[in-house]
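Trainee: Before anything else, here's the structure in question.
Each reported figure results from applying straightforward, stated rules to the coordinates on display, with no laboratory input. Source: prediction; values computed, not measured. Note that each Cβ is placed from the backbone with ideal geometry, even for glycine, and that neighbours are counted across all protein chains shown.
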Amino acid sequence: MVPHNEQHRLWERSSEAPYSGGNPWKWLLITASILSCWSQPTSAQDLTVVPIPANVKEGDRVILVVQGVSGKPLSYTWFSRSPGDSSDTEIVRYIVGNRTRIPVNIRQKVLPNGSLLIPNLLISDTKYYTVQMVDTFGNILRGGAPLTVYEKLAKPMIAVNDTNILEDESLILTCSTENVGPNIRWFFNDQPLSLHRRMSTFENNQILLIKGVKREDSGSYQCEAWNPANTNRSDDLTLTVSSSESPERSNGATLSGGSITVVVIGVLAGVALLGALIYVLITKNTGR
């Protein structure tokens, strides 16, 4: 049997809820929230991984910097995953207490703050990298970031169908490079080329077509291969546009240098043949 005083206290507790405007579910939720705040080992916390520098090419070095570390780290483990793979591959493990790295003889190196140094980058280093940190309380923190290693770009070259061209003709400039499918942009007199209505580009900007060239199209042309990590620009190609009224053009037809040479040789041969014929005739008449 419950003593009278204890009954009174139970009555007071049960009568508090109605006057406080609450209900039993409210107090259960509050209790659950308090319990969830207790410190327990978890893997739900996140780290941030930042590649420095952000854009890298073959032969460069990069540091995957770990940010957001809390507590006292016990170990760091780095993983990588290639595009198309469904699982991670462990790269290296680092024990903070004795600064032990497992394995030892690899290119990648874990720094004392848990960041990963990758020197002499290769295209095959293009992967998603994940770090897992375990602290002294058993908490597991994870974070990751993608890394793209770009090609080291070779110097491109410009080819042109004719560097001396008449007005209103068409011009084709071709930019070639050893790299596969690079981004290409064009420059005119050392300034980025603004395409006007007579200009078109094809094949990922590797071909520049200028229809109906004008005198103002004369100048220095360059093409540049680029990606987010590096650029490489071609040598200058100087284009000269001559007036359509130039002597080489007659009755709307244009003779190339080779055509003019053939015509001159033909004329000289004809003159020589005519001279020989006259000499033969004179000799025959004199002989009579």
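Trainee: Taking neighbour counts of Cβ atoms within 10 Å as a proxy for exposure, in what order, fewest first, do MET199, MET157, MET133 appear? Don't jump to the answer; show the numbers that get you there.
Mentor: Working: MET199 17, MET157 14, MET133 24.
Fewest-to-most ranking of MET199, MET157, MET133: MET157, MET199, MET133.
Trainee: Still on this structure, please answer the following. Under 5 Å between amide hydrogens, which residues at least 5 positions from ASN183 or on another chain qualify, with H placed 1.01 Å from N in the peptide plane?
Mentor: Here TRP226 satisfy the definition.
Trainee: Among residues other than ARG233 whose Cβ falls under 15 Å from its Cβ, what is the net charge (Lys/Arg +1, Asp/Glu -1)?
Mentor: Charge balance near ARG233 sits at -2.
Trainee: Additional query: How large is ³J(HN,Hα), in whole Hz, for each residue of region 143-154 in order, when computed from phi with the Karplus curve 6.51 cos²θ - 1.76 cosθ + 1.60 and θ = phi - 60°, using x for Gly and Pro?
Mentor: x, x, 7, x, 10, 10, 9, 8, 5, 7, 7, 7
Trainee: Over the alpha-carbon set of region 157-246, divide Rg by the Kirkwood Rh and report the Rg/Rh ratio to two decimals.
Mentor: On the way: Rg = 13.1 Å, Rh = 13.4 Å.
Result: Rg/Rh = 0.98.
Trainee: Amide H neighbours of LEU47 under 5 Å, counting only residues 5+ apart in sequence or on other chains, H built in-plane at 1.01 Å?
Mentor: For LEU47, whose amide H was placed from the backbone, the distant partners under 5 Å are ARG142, GLY143.
Trainee: Quick one: Karplus J couplings for region 221-229, per residue in order, coefficients 6.51, -1.76, 1.60, θ = phi - 60°, nearest Hz, x for Gly and Pro?
Mentor: Values, residue by residue: 10, 9, 10, 10, 8, 8, 8, x, 9 Hz.
Trainee: How big is the charge dipole of region 45-150 about its Cα centre, in debye rounded to the nearest 20, if each Lys and Arg gets +1 on its Cβ and each Asp and Glu gets -1 on its Cβ?
Mentor: So the dipole magnitude of region 45-150 works out to roughly 300 debye.
Trainee: Further question on the same structure: Quick one: what are the phi-derived ³J(HN,Hα) couplings along region 87-95, Karplus 6.51/-1.76/1.60 with θ = phi - 60°, whole Hz, x for glycine and proline?
Mentor: 9, 8, 10, 5, 9, 7, 10, 10, 9
Trainee: Taking amide H atoms as placed 1.01 Å from N in the peptide plane, list the residues 5 or more away in sequence, or in a different chain, whose amide H sits under 5 Å from that of LYS57.
Mentor: Residues meeting the criterion, in which the H sits 1.01 Å from N, are TYR150.
Trainee: Related question: Quote the convex hull volume per residue of region 45-150, based on C-alpha atoms, as a whole number of Å³. Don't jump to the answer; show the numbers that get you there.
Mentor: Numbers: hull volume 9.8 nm³, N = 106.
Hull volume normalised by residue count: 93 Å³.
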